[in-house]
């Protein structure tokens, strides 16, 4: 056996993982070969060096670092869907984006619609009086027998319009000092006297507006009294007696306004109570037979005694 | 023999099953249990403390990712060591490519300062000088291991440092036992020659 062959097998020889025949051959060779003996000794020594290498301690933070990464992996594994909705892990989760989107859309829609609503409202005010006019021409003024379904207010309005010129008390000199809307009807009554033409044009507009207001607010009344203060107190008392709730009290120079919420059934009673206090004029009666409370606004005006 | 291997009882089986169900704490148990050996394999492969730390972390993370695909044909520990060995080899290839133009060879092993810093505290019965000498020798040995090519290095690390059997190494590296042996013997010869140069008289 050549030295090269022997040296190739020395590693296995050291470990004893070699056939007995080969071992015998190597043993024989080693007895005679100094070079191979040295090789064997060197190999044994080298192996010893390697095996004596000390075990190293891993860094103390290793587990912690590994687990931190593993845990974040685990979070990722929860799936895209859950991640998107998991607020703590994404700074701007889908909910927030959705909320902002909805808010923007709402504002946008609102802004787009708003002018249209204004436009829609304006013609309504103009169309209504015209409709009233036409109706007035067609139907006899007082026709309570068969009110148009769904338009009881207009019907009432019609009836009232017919009555207005007939109204006895005249307030001609009373200029509309207050430009409050409530006042507008009063001068109109005065104006009526002056000419049929004006009556046709202007008052309708005003009345229509009053009608809309009346519809919205319930019942609007004007009561002409001798003494505003006392009348106001008495009216308040009347409301309280009937179980109404006063919502508004406004005091002006020559008039007071009291608004209250009252059970609809008590309205007739209220009217009875009002009659002794002063002269009641209903300005806009939105009398729709309804349940529950109605809002009643009473304007207390000092009676103007004409000479 | 194959059958025998398949029926091998894996002491980690319970925790591995828990991990597959998504139990992260069970994985932590496995990390704590295997990190030292993992680290030492990585360290002897890399010859660098920081690199070894990185590689062990990566190995555990990829083990966690792949644990659902772990079929249990080998022991869990064997599977783990395969991962760390492969990562270490890939990293070495990267580093080798980077250091290609520099003159590192058997004669000039990559210096390993880290072992100086992080070396285990020497036994108390050694004097300061002895300790220093020992450390120096260890560094030289590591330097010689570093000079080996990956496929020789891994068998040397697994057999002579970690003490795995040929059978285990064959499983781990997925190469026949005969190949493991011949690589190991060549690796030992290379280390012997290297040490003779570095240390002088053995």
| remark: Taking R0 as 30 Å and r as the Cβ-Cβ distance between residue A:250 and residue A:280, the FRET efficiency 1/(1 + (r/R0)^6), rounded to the nearest 0.05, comes to 0.95
| task | With a Förster radius of 22 Å, plug the Cβ-Cβ distance of residue A:230 and residue A:263 into 1/(1 + (r/R0)^6) and report the FRET value to the nearest 0.05. | result | 0.30
| message | Tell me whether segment A:3-51 comes out rounded, prolate or oblate; compute the Cα gyration tensor, take square roots of the eigenvalues as a ≥ b ≥ c, and use a/c under 1.5 as the rounded threshold. | response | oblate
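A short reminder: the numbers here are calculations on the coordinates, not readings from a lab. Note that the structure is predicted; figures quoted are calculated from it, not measured. Cβ: placed from backbone, ideal geometry, glycine included. Neighbour counts: every protein chain shown.
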